[in-house]
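Report on one structure; see the data block that follows.
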Amino acid sequence: MNPTEAIVIGDTPQDVLSAKAAGAQSVAVATGKFTREELAGFGPAFVIAALGELPRLLEREFPRPRTSGA
């Protein structure tokens, strides 16, 4: 797998920085002790308030390729 195809999901600045170091995109989830603003300061691709927002974000930003029916 190419690191640019990976998405790291976490709730700390270290998660965001680790994703960057690996060449992956990151989604910061502000459910831990860090606020949206604090996490955004580390440059994640996306910041969400709750993990429940993740499925919609992934569908919108990373749609699956459509395959033809067999």
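Would you mind working out the accessible area per residue for the chain, using a 1.4 Å probe, and quoting it in Å²?
Values: 4880 Å² over 70 residues.
Roughly 70 Å² per residue, with all protein chains present.
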Let me have the 222 nm mean residue ellipticity of the chain computed from DSSP H runs of 4+ only, each contributing -39500 (n - 2.57), with the sum over all residues rounded to the nearest 500.
-8500 deg cm²/dmol
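Once you have the Kirkwood Rh of the chain from its Cα pairs, apply Stokes-Einstein at 10 °C and 1.306 mPa s and quote D in µm²/s. Numbers along the way, then the final one.
Numbers: Rh = 12.7 Å.
Rounded, D is 125 µm²/s.
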Working from Cα positions, state the angle (0 to 90°, nearest 10) between the long axis of helix 13-22 and the longest principal axis of the chain.
50 degrees
Out of the total accessible area of the chain (probe 1.4 Å, heavy atoms of protein only), what percent is carbon and sulfur?
54 percent
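At a threshold of 8 angstrom on Cα-Cα distance, excluding pairs fewer than six apart, so keeping six or more, what relative contact order does the range 1-66 reach in percent?
Working: 97 pairs, mean separation 17.0, N = 66.
Reported relative contact order: 26 percent.
The values are calculated or read from the model by the stated rules, or taken from the named source; none is laboratory data. Nothing here was measured: the structure is a model prediction, and the numbers come from that model. Keep in mind that these areas ignore ligands, DNA and RNA; they rest on the heavy atoms of the full protein, side chains included. Shrake-Rupley method; radii C 1.70, N 1.55, O 1.52, S 1.80 Å.
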